[in-house]
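Beneath this line is the structure, given in structure tokens, with notes to follow.
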Amino acid sequence: GLHVDDEGPGPVKPWADAKKVKGFSCVLLAAFIWVVSSYWVQDLEGKGMTPLLVTSLANSMFTVLLPVCLVRDWISRRSKRRRGARDEKELLISGGQNGSSAPVEGFGDDRADPAVDEEEDRAKKRASRRRVFLLALSVWPIWFTCLYIYNWSFLLTSVMSNTILSIGGTSLFTYFLELRVMRASFSWTKFAAIGFCILGTSLWCVGNFEGGDDGKKSKNALLGNFLCLISSCLYAVVSILIGKYLPDSGEAEMAFFWGCTGLINL
């Protein structure tokens, strides 16, 4: 067996971090939905639906997140009120049991008034939501252009080429912007992983063009692949902007951000 030193904790295992596991699970689920929806979009466009219409409808559907945010805020306010009323009641009861007629510390002071605290929370929430809305308003043109170019490429190239080029290009552009904009530290491990990803993307492109396609089809595929790379670059910009201006914002703020994006698009 292995001897474990009792004087200090052992090394932290990456898979022991629940937050990382949740994050990677979300990435895998998003990738699955991405591929399935790509085949669906290509099928719709093959039946006559234009990329502009597909992009507009898909972005507008984000609006359904706004009612979810409102309901969540309402539930949060009700729980805070109940918790505040319960804490106040417990303090008053404990003060009465102690036989003290003096007011409980914190009550009777306007700064500790639950109504004042609730109003301050609402003001902070409004300021935060205003900032998120302005960010969505700024990011929306880039996001819409990114998805429009991405959906347009389905008319020119295959779903497999689209997916591989998008993933490979996004990893490269995102890491470059992460180093420049967010001042992240350079990692040889990440650089090597991105290098292998780009190598696989390049090999796929070479194999795709050596598959015996005619000149016209190869020319359309080349344009479609180029559109995928442009879309990847724009997607990287959107990802970095969200990571920079919505750091650790939580699920609620992220849902409100995309809800605002859908509303602006609608």
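Pull up segment 151-175, narrow it to residues that are among the β-branched types (Val, Ile, Thr) and part of a helix (DSSP H, G or I), then point me to the one that is most open to solvent (accessible area, probe 1.4 Å).
167
Across segment 220-266, which residue is nearest to residue 184 (Cα to Cα) among those that are in a loop (DSSP other than H, G, I, E, B) and open to solvent by 40 Å² or more (accessible area, probe 1.4 Å)?
247
Check 236, 221 and return the single one that is closer than 21 Å to residue 150 by Cα and modelled with pLDDT of 80 or more.
236
What is the one condition in (1) at pLDDT 75 or above; (2) surrounded by 15 or more Cβ atoms within 10 Å (Cβ to Cβ) that residue 208 does not satisfy?
Evaluating residue 208 over (1) at pLDDT 75 or above; (2) surrounded by 15 or more Cβ atoms within 10 Å (Cβ to Cβ) leaves (1) as the failure.
Can residue 76 be described as under 25 Å from residue 265 (Cα atoms), modelled with pLDDT under 90 and out of contact with any Asp or Glu (no Cβ under 7 Å at 6 or more places or on another chain)?
In short, no.
Just one of 65, 92, 44 is on the phi < 0 side of the Ramachandran plot, surrounded by 13 or more Cβ atoms within 10 Å (Cβ to Cβ) and at pLDDT below 80; which is it?
Matching residue, one of 65, 92, 44: 92.
The values are calculated or read from the model by the stated rules, or taken from the named source; none is laboratory data. Small disclaimer: the values here were computed from a predicted structure and weren't measured. All Cβ positions, even for glycine, are placed from backbone atoms using ideal geometry, and neighbour counts span all protein chains on display. Side chains included, ligands, DNA and RNA excluded: accessible areas come from the protein's heavy atoms. Shrake-Rupley method; radii C 1.70, N 1.55, O 1.52, S 1.80 Å.
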